Amino acid sequence: MDNFYEISEDTTGKFFEIFNKKSFPLSIKFQFIGDEKQKELIKVSLINPKISFLLGKEILISVNEDIMNAFDDESVTILMEQEIDKIYINIETGKMKLIKTDLNTFSSLVNKYGVEKVARANKVEELYQEQKKDGKVENEFIA
C-alpha cells in the first residue's frame, strides 16, 4: 500500500485540461490515485459497479507522477489523451466500457512508412476481416 498516494492538483488539472477538449455524451465521475510502481504514466480503469456505488465514481485514473515529471509536456498530453480516448459511452444505455487502441504496430514501421500509411494498412486489414465475417468478400477486396 506504500506505493499509492494522493496526486497533485497540477496533475488532475492537466488531466481535465485534456479531457475537457473531448466530447462525451454523459458526465463521468473520476477517482484519481497516484501509483509510484506503475510502469505507465497514466492508466484508465473502470471501477467495479459495487465499489462505484460506494465511491460515487465510475472511472479510476492512476498516474505515476515521477514518470509525468520526467516527460515533456507534449508527451504527457499525448499519453493522457490516448488513455482518455479508450473511454466509450453507449448513448442509449449509458454504459461505459474501455476500448482498445485502433493502431498497434512497431515504431520501425511507423518510421519507415509514416503513421498514415501504417494506420491505413491496419484499417484495410480490419475492414477485410469485418467484411469476410459478414460474407461480403469474394475474391478481391478494395479499400
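The values are calculated or read from the model by the stated rules, or taken from the named source; none is laboratory data. Remember, predicted model here, so these are calculated numbers, not experimental data. All Cβ positions, even for glycine, are placed from backbone atoms using ideal geometry, and neighbour counts span all protein chains on display.
What the table shows:
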{"read-out": "Hits in the stretch 55-80 (condition: touching a residue at least 40 places away in the same chain (Cβ under 8 Å) and either charged (D, E, K, R) or surrounded by fewer than 18 Cβ atoms within 10 Å (Cβ to Cβ) (or both))", "value": "Glu65, Thr77"}
{"read-out": "Matching residues in the stretch 15-73 - criterion: being in a strand (DSSP E or B) and among the small types (Gly, Ala, Ser)", "value": "Gly34, Ser45, Ser62"}
{"read-out": "Residues that are β-branched (Val, Ile, Thr) and either closer than 15 Å to Ile89 by Cβ or exposed (fewer than 14 other Cβ atoms within 10 Å of the Cβ) (or both), drawn from the stretch 27-54", "value": "Ile28, Val44, Ile47, Ile51"}
{"read-out": "Every residue from the stretch 1-54 that is closer than 21 Å to Lys100 by Cα, in contact with a strand residue (DSSP E or B) (Cβ under 6 Å, 6 or more places away or on another chain) and either free of Cβ contacts under 8 Å to residues at least 24 places away in the same chain or not assigned by TED's automatic domain parsing to the domain that holds Ile84 (or both)", "value": "Ile47"}
{"read-out": "Index of the failed condition, Gln129 passing every other in (1) assigned to a helix (DSSP H, G or I); (2) in the same structural domain as Ser27 (by TED's automatic domain parsing)", "value": "(2)"}
